[in-house]
Amino acid sequence: MRIWSIHPSYLDIKGLVAVWREGLLALHVLSGKTTGYTKHPQLQRFKEHCAPVEVITAYLHAIVDEAEKRNYKFNRQKLQPIKKVNKITVTRDQLEYETKHLKEKLKNRDPQKFIALEQQLIFSVHPLFELVDGPVASWEKIVVYKKTEKIFE
């Protein structure tokens, strides 16, 4: 399961579909509708929020928004109406880690998207998140990638 902190516009179609499906799974877990994946590390930051179901719902609405921009049909009816929620913080090092992780996936999965992002210096966060200074999240399962200097907004 990968629930990206980066803006969904950077995801290729496979990544966008995957985060939609995984986000729906996360919604079921946080709603108590399934017993699987309850201890998945990617859910920690949502569980720690004062309104976990509302915050994952807000996350998923942004995924549907991105899908609609690309003329894909994700079923927004699977979601409750969006509510205003407090943003979740994400650290610069976490965002940098995720962008490297995505680029590694795109090298084989979508070389054109990889080339488009390879030299990009500024990456935005998903609208649910607020960027702060700090290390990679403690729940992240680290894969070591080559260090590069990047600037994030």
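The values are calculated or read from the model by the stated rules, or taken from the named source; none is laboratory data. Since this is a predicted model, take the numbers as computed values, not measurements. Note that each Cβ is placed from the backbone with ideal geometry, even for glycine, and that neighbours are counted across all protein chains shown.
A few notes on this one:
- Taking region 1-40 as the range and being assigned to a loop (DSSP other than H, G, I, E, B) and hydroxyl-bearing (Ser, Thr, Tyr) as the test, the residues that pass are 5, 31, 34, 35, 37, 38.
- Sole exception among (1) of a type outside the set (S, T, N, Q); (2) buried (at least 19 other Cβ atoms within 10 Å of the Cβ); (3) touching a helix residue (DSSP H, G or I) at 6+ places or on another chain (Cβ under 6 Å) for residue 58, by number: (3)
- Only one entry of 113, 103 meets the criterion of being basic (Lys, Arg), within 24 Å of residue 142 (Cα to Cα), surrounded by 20 or more Cβ atoms within 10 Å (Cβ to Cβ) and in contact with a Leu (Cβ under 7 Å, 6 or more places away or on another chain), and that entry is 113.
- Some residue of region 58-77 being in contact with a Ser or Thr (Cβ under 7 Å, 6 or more places away or on another chain) and over 16 Å from residue 16 (Cα atoms): no
- Residue check for residue 9: more than 15 Å from the chain's Cα centre (by Cα), surrounded by fewer than 19 Cβ atoms within 10 Å (Cβ to Cβ) and hydroxyl-bearing (Ser, Thr, Tyr): no
- If you check 66, 22 for being surrounded by 15 or more Cβ atoms within 10 Å (Cβ to Cβ), of a type in the set (Asp, Glu), more than 15 Å from residue 127 (Cβ to Cβ) and out of contact with any Lys or Arg (no Cβ under 6 Å at 6 or more places or on another chain), only one passes: 22.
- Candidate set from region 18-53 (those that are within 16 Å of the chain's Cα centre (by Cα) and among the charged types (D, E, K, R)); member that is nearest to residue 141 (Cα to Cα): 45
- Checking 78, 103, 87, 69 one by one, the residue that is of a type outside the set (Phe, Trp, Tyr) and at pLDDT below 95 is 103 and no other.
- Selection of first residues in region 19-44 that are touching a residue at least 12 places away in the same chain (Cβ under 8 Å) and of second residues that are of a type in the set (Ser, Thr, Tyr), restricted to Cβ pairs under 8 Å at least 6 apart or on distinct chains, gives the following pairs, ordered by first then second residue: 23/59; 25/34; 25/37; 26/37; 27/57; 29/37; 29/38; 43/37.
- Matching option when the condition is without any contact (Cβ under 8 Å) to a residue 24 or more places away in the chain and not aliphatic (A, V, I, L, M), among 61, 49: 61
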